[in-house]
Ligand SMILES: CC(C)=CCC[C@@H](C)[C@H]1CC[C@@]2(C)C3=C(CC[C@]12C)[C@@]1(C)CC[C@H](O)C(C)(C)[C@@H]1CC3
């Protein structure tokens, strides 16, 4: 099969998208979360008579904070029980905990553009979804001036504003709607869409309201180079980067764009810029990125390299390009086939939809399979519908809930919940390696971040899945995951240590650090290759230790011991002078500090009394405790790499991480710890849950991502650890005074 050569994505033969009325809403009581074997998606059933589940109602903001069903806790364990009671209400029939996973503000536009240029299928984005996507974008406008940022807490940027503006217009919001008027004003004040970062230049080009000549090339030929001894083969890049640039290179090579005479395209061309579209010098825009957007400074080496690649683009051979495009198309298909069309993440999902449409057509089975799996990424909540950062965080949340409940010694009090969770952990383990080539790490034996179908190995998810399984099997006295399968997961973990002893996210580090200078995505840091992270390293250490503790059948014993030893060395080396660790995946120092301390204590037997590293780590945390007993970090800490106080004060999630860390380290001053515990007790709602506070997670240093389930289980975990350490102390009255009531 060879790829079609046409460049036009035909859009004008379809009826125009009707105008979306400003008051378009769906009925909150008619949304239902469906699950099947770890998959999850929201359905709108306007005629439904059946009641929603607690889970549906919770995410739609309909669960009372005080429904009078739980006793006010008298002991810390009582507060733990209330948390667990609430969590048990939210478990899905699949056994996993589902949740929202929004935050990034550049995902919806890609999908909406893909929807527009591939035939506007009702299956891909049903009307109810489109209404709620618009609601979400309205809700998430930056206050007070309008526009959108790169994530929900970010100030407005060109990237967020231009792309979401296009999304709204595609979805039928007219240019004169106040939300669009405000966004245009913001966009124009930032210089208009010529200064949009490269991923935005790409999406606007697909919409044909930016010119492909204003974009640095994305040559598909790179994929034809030999892998061995070649540092620039894309297979050596960080998996997210290569899987995004793969379909981008197909679309770029064929310059796929909507039809220019589409009236919406014409309208957008006149709305997005401060100058007339036809007067823009496109080749001068390649490196034009608005200052508020840019996170990574443009290196001169990078600029030179991209200029050379640009020269190649001007003279490239057609037959080589055709060959490369065919190869790339096959790799996209392989990715789809390996992941049951879920793909690695929301960005390559939207891109692969376009590739599939172009290569196979809208009536093909492949395109249909793509349409059907879009819903896995969409999450409905009280503020409308967003696109999640992955197809869910099923395994991640479930593994932590299980571990928190195990430490709280309450899994046997919840036999059904626990049995279902174990069934999910069992089903979620990946049972085979990816059958089709896309340069993947071993997958057989791994646990993924979301579900088995998506099938990507992640080091720490494997370890957390393994730990949770072994703990739960032991607590329940039931064995669903055989020792052989546990050995498979040990194999995965042992395939992952880097030369520095640390563990990266999806794969070992495959490329040289200087590749980072070629990072074409100006808004993300550290994306070209993998890096060792203290969080992933800690989870991996603890996973291997759990294996030794619970199974200990002599399998690869020496290698396990060596991997643990080297990993600990990495963690010690990664500690900063001030005693902290920088968190790459959570906000920020409380997150990484908690992880690092866990593995140092577990693997070395270090105590506060014996270890200088632990003492410094604790001193760092204690120095940042706030007056009210809690800890609160702003997401800005991730951007700047230094502690930044949260403007709204203490956050329950940061407080829980700091407490888990101090308790694990054996920090000797109980009053410090108790003050933090009291803050968690005060903030717990009568139904056992907590209110949503600031954003919890991060990726690539500059984009934040929500982990709303964290507030439901990390406080519970910290309270359980406190109760275990201090023999279930009473909830003192002071702590409960001022407790929040709905
Ligand atoms: C730049 C692009 C492609 C954007 C799409 C978003 C993805 C890159 C993000 C969204 C969720 C995300 C932060 C995630 C991770 C990597 C990057 C992801 C997939 C990992 C798996 C890395 C390892 C981490 O320890 C942890 C498991 C917490 C996260 C989970 C989510």
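The values are calculated or read from the model by the stated rules, or taken from the named source; none is laboratory data. From a predicted model like this one, the values you see are computed outputs, not experimental measurements. For neighbour counting, all protein chains shown are included, and Cβ atoms are generated from backbone atoms with ideal geometry for every residue, glycine included.
Scanning the range 1-36 for residues that are without any contact (Cβ under 8 Å) to a residue 40 or more places away in the chain and not in a loop (DSSP other than H, G, I, E, B), we see that the one that is nearest to residue 63 (Cα to Cα) is 29.
Among the candidates 427, 375, 369, 381, the residue that is in contact (Cβ under 8 Å) with a residue 12 or more places away in the chain and more than 21 Å from residue 128 (Cα to Cα) is uniquely 427.
Of everything in the range 463-483 that's touching a residue at least 12 places away in the same chain (Cβ under 8 Å) and in a loop (DSSP other than H, G, I, E, B), which residue is surrounded by the fewest Cβ atoms within 10 Å (Cβ to Cβ)? Top of the filtered list is 478.
Among the residues of the range 274-283, is there at least one that is closer than 29 Å to residue 344 by Cβ and within 34 Å of the chain's Cα centre (by Cα)? Taking every residue of the range 274-283 in turn, none turns out to be closer than 29 Å to residue 344 by Cβ and within 34 Å of the chain's Cα centre (by Cα). Scanning for something part of a loop (DSSP other than H, G, I, E, B), in contact (Cβ under 8 Å) with a residue 12 or more places away in the chain and within 16 Å of the ligand (Cβ to nearest atom), does the range 655-662 turn up at least one residue? No: the range 655-662 contains no residue that is part of a loop (DSSP other than H, G, I, E, B), in contact (Cβ under 8 Å) with a residue 12 or more places away in the chain and within 16 Å of the ligand (Cβ to nearest atom). Tell me yes or no: at least one residue of the range 662-684 is surrounded by fewer than 23 Cβ atoms within 10 Å (Cβ to Cβ), farther than 30 Å from residue 297 by Cβ, out of contact with any helix residue (DSSP H, G or I) (no Cβ under 9 Å at 6 or more places or on another chain) and modelled with pLDDT under 95. No, every residue in the range 662-684 fails to be surrounded by fewer than 23 Cβ atoms within 10 Å (Cβ to Cβ), farther than 30 Å from residue 297 by Cβ, out of contact with any helix residue (DSSP H, G or I) (no Cβ under 9 Å at 6 or more places or on another chain) and modelled with pLDDT under 95. For the range 111-121, the count of residues that are within 15 Å of the ligand (Cβ to nearest atom) and within 28 Å of residue 153 (Cα to Cα) is at least one. Do we find that residue 65 is more than 25 Å from residue 409 (Cα to Cα), part of a loop (DSSP other than H, G, I, E, B) and modelled with pLDDT of 95 or more in this structure? Answer is yes for this residue. Does the range 602-615 contain any residue that is more than 24 Å from the chain's Cα centre (by Cα), buried (at least 22 other Cβ atoms within 10 Å of the Cβ) and within 13 Å of residue 503 (Cβ to Cβ)? No - not one qualifying residue is present in the range 602-615.
Scanning the range 523-546 for residues that are in a helix (DSSP H, G or I) and in contact with a strand residue (DSSP E or B) (Cβ under 9 Å, 6 or more places away or on another chain) turns up 535, 536, 537, 538, 539, 540, 541. Inspect the range 359-366 for any residue being more than 16 Å from the ligand (Cβ to nearest atom), closer than 22 Å to residue 167 by Cβ and in a helix (DSSP H, G or I) and give the result as yes or no. No, the range 359-366 contains no residue that is more than 16 Å from the ligand (Cβ to nearest atom), closer than 22 Å to residue 167 by Cβ and in a helix (DSSP H, G or I).
Looking at the range 74-106, which of its residues are more than 16 Å from the ligand (Cβ to nearest atom) and in a loop (DSSP other than H, G, I, E, B)?
74, 92, 93, 94, 95
Counting the residues of the range 520-537 that are near the ligand (Cβ under 7 Å from one of its atoms) and under 19 Å from residue 439 (Cα atoms) gives 1. What single numbered condition from (1) modelled with pLDDT under 95; (2) within 26 Å of residue 415 (Cβ to Cβ) fails to hold for residue 83? Residue 83 satisfies every listed condition except (1). Residues in the range 142-155 that are within 21 Å of the chain's Cα centre (by Cα) and crowded, with 20+ Cβ neighbours inside 10 Å: 148, 149, 150, 151, 152, 154.
For the range 572-592, a residue qualifies if it is touching a helix residue (DSSP H, G or I) at 6+ places or on another chain (Cβ under 8 Å) and away from the ligand (no atom under 16 Å from the Cβ), and the qualifying residues are 572, 575, 578, 579, 580.
Does the range 503-517 hold any residues that are part of a loop (DSSP other than H, G, I, E, B) and away from the ligand (no atom under 12 Å from the Cβ), and which are they? Listed by number, the residues that qualify are 508, 509, 510, 511, 512.
Of the residues 340, 335, the single one that is within 30 Å of the chain's Cα centre (by Cα) and at positive phi is 340.
Of all the criteria given as (1) away from the ligand (no atom under 16 Å from the Cβ); (2) in a helix (DSSP H, G or I); (3) touching a residue at least 60 places away in the same chain (Cβ under 8 Å), the one not satisfied by residue 615 is (3). One residue alone among 453, 403 is within 16 Å of the ligand (Cβ to nearest atom), outside any loop (DSSP other than H, G, I, E, B), surrounded by fewer than 24 Cβ atoms within 10 Å (Cβ to Cβ) and at pLDDT 95 or above, and that residue is 403. With respect to (1) in a loop (DSSP other than H, G, I, E, B); (2) at pLDDT 95 or above, the lone exception for residue 520 is condition (2). Comparison of 577, 526, 558, 569 shows that the only residue that is farther than 14 Å from residue 497 by Cα and touching a residue at least 24 places away in the same chain (Cβ under 8 Å) is 526.
Among the candidates 649, 688, the residue that is part of a loop (DSSP other than H, G, I, E, B), surrounded by 21 or more Cβ atoms within 10 Å (Cβ to Cβ) and on the phi > 0 side of the Ramachandran plot is uniquely 688. Of the helices (runs of 4 or more DSSP H) contained entirely in the range 227-332, those carrying at least 1 residues that are within 16 Å of the ligand (Cβ to nearest atom) fall at 239-253.
Exactly one residue out of 71, 51, 109, 46 is assigned by TED's automatic domain parsing to the domain that holds residue 205 and either in a loop (DSSP other than H, G, I, E, B) or surrounded by 21 or more Cβ atoms within 10 Å (Cβ to Cβ) (or both), and it is 109.
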